[in-house]
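J.: One structure, as structure tokens, below. Some questions next.
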Amino acid sequence: MKGSILDYTYEELRSKMQFNKFHQEFGCGPSIIHDLEKRGECYIPTLEEVLRDAKESNLVVKIELKGPNTALPTLDLVEKLDMVHLCHYSSFNLSQIRTIREARPQRSSLTGEYVYKTGALFSDVPENYIDLALDAGASEVHLKYSTCTKSRVEEIHRAGMDSMCWFRGPVGMAEDVRTKFFDVGNEDELMLRVVMATGVRKMCLNKPDILVAMLNRISGGCISDASTTSSISCSNSSSSSSIF
């Protein structure tokens, strides 16, 4: 299948799309994809399917709003599933999270924090990124890992917002360590420690197992996979979702 995912119906995507099990973006490896294909479980799930599974595990889900006009339908779905406390919304298109905020401006009477969590996503960070995030009603700022500095994280926290950094996909990360960063590995412990030293409070990464192992060693083995990787990210582009 070629072209934009928005050019197809969900039924077409589910019945006709085939996964290139050898593509580097699939970190699980071809054998797992092959096993899923044999069981008929290798397909793009709907956002509702992802959320229902997450709800059973009590996972916090960060939904990236990508497709046009996805904010309000996504909000309606989250509320229908009674998952407001488990779902956060983010987007590079700040008008999408502004739509969420205008529709749901409620704050907690106990903490004053927004009930509906939204994240302003940035790749290249503009000088006025704090003002842009606040103007959109963001409760968090999400910076690309390579732009996540101690001064920016402190600025975000002083503005009353939470912080998260995101790592590029497997192909992008491999490119970065090959062409830009020669003193750290591809999401190895050293890279994670450098990013964590900025004070950022959350991380969206491709190799949570590396983080879990490192934290276990630091904490003496009291960190579990479930407690550390209790957040998943979904990209909402029309009817599609993906988990990283």
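J.: Given a Förster radius of 35 Å and the C-beta distance between Glu37 and Asn69 as r, what FRET efficiency does 1/(1 + (r/R0)^6) yield to the nearest 0.05?
T.: Calculated value: 0.60.
J.: Kyte-Doolittle mean at least -1.0 and Cα extent at least 15 Å along the axis: which DSSP H helices of the chain qualify?
T.: Span-like helices here: 47-57, 208-219.
J.: Which percentage, to the nearest 5, of the DSSP beta bridges contained in the chain is antiparallel?
T.: The antiparallel fraction comes to roughly 10 percent.
J.: Among Asp209, Asp35, Asp162, which one shows the highest mean-square fluctuation when the chain is modelled as a Gaussian network with alpha-carbon springs under 10 Å?
T.: Of the options given, Asp35 has the highest mean-square fluctuation.
J.: Considering amide H positions built from the backbone, and no H for Pro or chain starts, which residues 5 or more places from Met203, or on another chain, come under 5 Å of its amide H?
T.: It is Cys165, by chain and number.
J.: Another question, if that's okay. Using a ≥ b ≥ c from the Cα gyration tensor of the range 1-79 (square roots of the eigenvalues), is it rounded, prolate or oblate, where a/c under 1.5 gives rounded and otherwise the larger of a/b and b/c decides, a/b for prolate?
T.: It comes out oblate by the Cα gyration axes.
J.: Dimensions of the range 52-168 along principal axes (Cα, Å, largest first)?
T.: 39, 34, 28
J.: Between Ser15 and Thr111, 0.36 nm times their residue separation minus their Cα-Cα distance comes to what?
T.: 29.9 nm
J.: Could you calculate the contour length gain from Leu132 to Thr46, that is, 0.36 nm times the residue separation minus the distance between their Cα atoms, to one decimal place in nm?
T.: Going from the current span to full extension adds 27.9 nm.
J.: Considering amide H positions built from the backbone, and no H for Pro or chain starts, which residues 5 or more places from Lys144, or on another chain, come under 5 Å of its amide H?
T.: Long-range HN contacts for Lys144: Phe122, Trp166.
J.: Would you mind working out the magnitude of the charge dipole of the chain relative to its Cα centre, with +1 at each Lys and Arg C-beta and -1 at each Asp and Glu C-beta, to the nearest 20 Debye?
T.: With only Lys, Arg, Asp and Glu charged at Cβ, the dipole is about 160 debye.
J.: Would you look at the GNM of the chain, springs on alpha carbons closer than 10 Å, and say which of Met83, Met196, Met17 moves the most?
T.: Top of the fluctuation ranking is Met17.
J.: For the chain, what is the accessible area per residue in Å², given a 1.4 Å probe and the full set of protein chains?
T.: Accessible surface, normalised per residue, equals 55 Å².
J.: Please give the FRET efficiency for Ala174 paired with Asn216, using the beta carbon to beta carbon distance and R0 = 30 Å, rounded to the nearest 0.05.
T.: 0.70
J.: Something else: If I model a spin label as a point 7 Å beyond the Cα along the Cα-Cβ vector, how far apart are those points for Glu155 and Asp7 in nm?
T.: The answer from the label model is 4.0 nm.
J.: Quick one: divide the alpha-carbon radius of gyration of the chain by 2.2 N^0.38 Å and tell me what you get.
T.: 1.04
J.: Counting DSSP beta bridges in the range 101-217, what percent are antiparallel, to the nearest 5?
T.: 10 percent
J.: Calculate the spin-label point distance for Arg193 paired with Val60, positioning each point 7 Å from the Cα along the beta-carbon direction, and give it in nanometres.
T.: 2.6 nm
J.: Right, another one. Compute a Gaussian network model of the chain, connecting alpha carbons closer than 10 Å, and tell me which residue from Gly119, Gly29, Gly199 fluctuates the most.
T.: Looking only at Gly119, Gly29, Gly199, the largest GNM fluctuation is found for Gly29.
J.: Report the antiparallel proportion of the DSSP beta bridges in the range 92-164 as a percent, rounded to a multiple of 5.
T.: 10 percent
J.: Then there's this: Quickly estimate the mean residue ellipticity at 222 nm for the chain, helices only: each DSSP H run with n ≥ 4 gives -39500 (n - 2.57), and the total goes over all residues, rounded to 500.
T.: About -11000 deg cm²/dmol.
The values are calculated or read from the model by the stated rules, or taken from the named source; none is laboratory data. Nothing here was measured: the structure is a model prediction, and the numbers come from that model. Because the Cβ atoms are built from the backbone with ideal geometry, glycine has one as well, and the counts that use them run over all protein chains shown. Surface accessibility is based on the protein's heavy atoms, side chains included, excluding ligands, DNA and RNA. Shrake-Rupley method; radii C 1.70, N 1.55, O 1.52, S 1.80 Å.
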